[in-house]
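A short write-up of the structure that comes next.
No lab work stands behind these numbers, since they all come straight from the coordinates. From a predicted model like this one, the values you see are computed outputs, not experimental measurements. Cβ coordinates were reconstructed from backbone atoms using ideal geometry, including for glycine residues, and neighbour counts include every protein chain displayed.
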């Protein structure tokens, strides 16, 4: 699970870097679909949050799942907000509060699913 989480986080970082450079290629097609960009934000951050929360709470050494998920999601929400704000500084990007909201909704859903998932 750790490796899947790491690779997915790197995948999201790659998407961010490519978007900053204006070189999304085939992934740029999502911007042509109505609300495709918003759906992308929601889905990517939902999956990342779920994977990260499940990875960090899988250890029996951490009995307080709720606290781990809360801390993880607070840190992720800060990073997501900073990334969306950073778009002000890239000519090819546009800051959008609706994108940020979609990202935060994905984070909330991913965290909720992780919390409701039974520990192995």
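Annotations for the structure displayed:
- For the stretch 90-111, the set of residues classified as surrounded by fewer than 19 Cβ atoms within 10 Å (Cβ to Cβ), more than 18 Å from residue 35 (Cα to Cα) and in contact with a helix residue (DSSP H, G or I) (Cβ under 9 Å, 6 or more places away or on another chain) consists of 90, 92, 108, 109, listed by residue number.
- When residues in the stretch 6-23 are screened for being surrounded by fewer than 13 Cβ atoms within 10 Å (Cβ to Cβ) and closer than 18 Å to residue 94 by Cα, 6 of them pass.
- Unmet criterion (only one of (1) within 27 Å of residue 36 (Cα to Cα); (2) surrounded by fewer than 16 Cβ atoms within 10 Å (Cβ to Cβ)) for residue 118: (1)
- Checking the stretch 41-52 against the condition returns no match, with no residue being out of contact with any strand residue (DSSP E or B) (no Cβ under 6 Å at 6 or more places or on another chain), without any contact (Cβ under 8 Å) to a residue 60 or more places away in the chain and farther than 25 Å from residue 6 by Cβ.
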